[in-house]
Amino acid sequence: MPTFVQILDFIGTFAFAISGIRLASAKRFDWFGAYVVGFVTAIGGGTIRDLLLDVTPGWMTDPMYLICTGLALLWVILFGKFLIHMHNTFFIFDSIGLALFTVVGVGKSLSLGYPFWVAIIMGSITGAAGGVFRDVFINEIPLIFRKEIYAMACVVGGMFYWVCSLIGLEPYICQITAGSTVFIVRILAVKFQICLPILSGESEETK
C-alpha cells in the first residue's frame, strides 16, 4: 500500500501536470508539447530538491510520474472544453500542487535527517520551482517573480509544519495542516489581493 506522502505526491503530480498542460493548451501547444510542459511542471521542483539533497530524482526510478502526467494530458483532452470554461481551473490545480508538493518536500528533507530550516527551503523549492519551469516554457514571467504571494505561501506552510512537529503532533497531522495552510494562504492572498511590497528602483525608462 502506498504511504500517505506517496499519495500526496501522486495527487500533487497530477494537479501540477494539469496546471501546466492547461496553460500549454491555451498557448496552442500540440499534445507532445503540452505533455512536456506538464511533466516538467510536475517534476521540476522535486528534481532540484533531490539533486540538492544528493538523492536520485524520483522520476528516474519510478514511472509513476510519467504515467501520472499522461493521465493528466488525457484528462485535459477529454474535458478540455469544460476546463476552459472554468476560468479558475489553472489557479485551483496550481494551488493544490503547490500545497501538496511543499508538504512532500518538507517531509522528505526531514526523513533524510536535515534540519527544519533546510526542510522549509526544500519544501518551497519543491512547490514553486516546477511553476517557474512551466512559465518559462510558455514564455510568461514566472509567478514567483511577480508580486503575488506564491513561494511565500510555501514558507508559511513549512513553518506551520515545524510548529506542529514541535508540539508533538502526528506526522500526518503536520502534513495536512501544512498543506492546508499553503492552500489557504494562496487562496486568501489572491482573493484579497494581498501581496509583498515591490522593491522600487530606477527603471531603464527614467535613466
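Read-outs: derived from the displayed coordinates by stated rules, not from any lab. Source: prediction; values computed, not measured. Virtual Cβ from ideal backbone geometry, glycine too; neighbours counted across all protein chains shown.
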Might you list the cysteines of the chain that have no disulfide-compatible partner by the rule of another cysteine's Cβ under 4.7 Å? Cys68, Cys154, Cys195
I'm spelling it out carefully: the read-out is Rg and Dmax of the Cα atoms in Å, the candidates are (i) 21.6, 71; (ii) 20.6, 71; (iii) 17.0, 62, and one was derived from this structure. Which label? (iii)
R0 = 35 Å: FRET efficiency of Trp117 with Lys27, Cβ-based, nearest 0.05? 0.40
Theoretical ellipticity at 222 nm over the chain - DSSP helices of four or more residues, -39500 (n - 2.57) apiece, nearest 500: -25000 deg cm²/dmol
What length, rounded to one decimal in nm, is gained on full extension from Leu169 through to Asn139, with 0.36 nm per residue of separation minus their alpha-carbon distance? 6.6 nm
With DSSP loop assignment and no more than 16 other C-beta atoms within 10 Å, the trypsin sites (Lys or Arg not before Pro) in the stretch 103-182 are Arg146, Lys147
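Say R0 is 25 Å: what FRET efficiency, to the nearest 0.05, do Val55 and Ile187 get from their beta-carbon distance?
0.20
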May I ask you to list the trypsin sites (Lys or Arg not before Pro) in the stretch 1-53 that are in a DSSP loop and have at most 16 other Cβ atoms within 10 Å of their Cβ? Lys27, Arg28
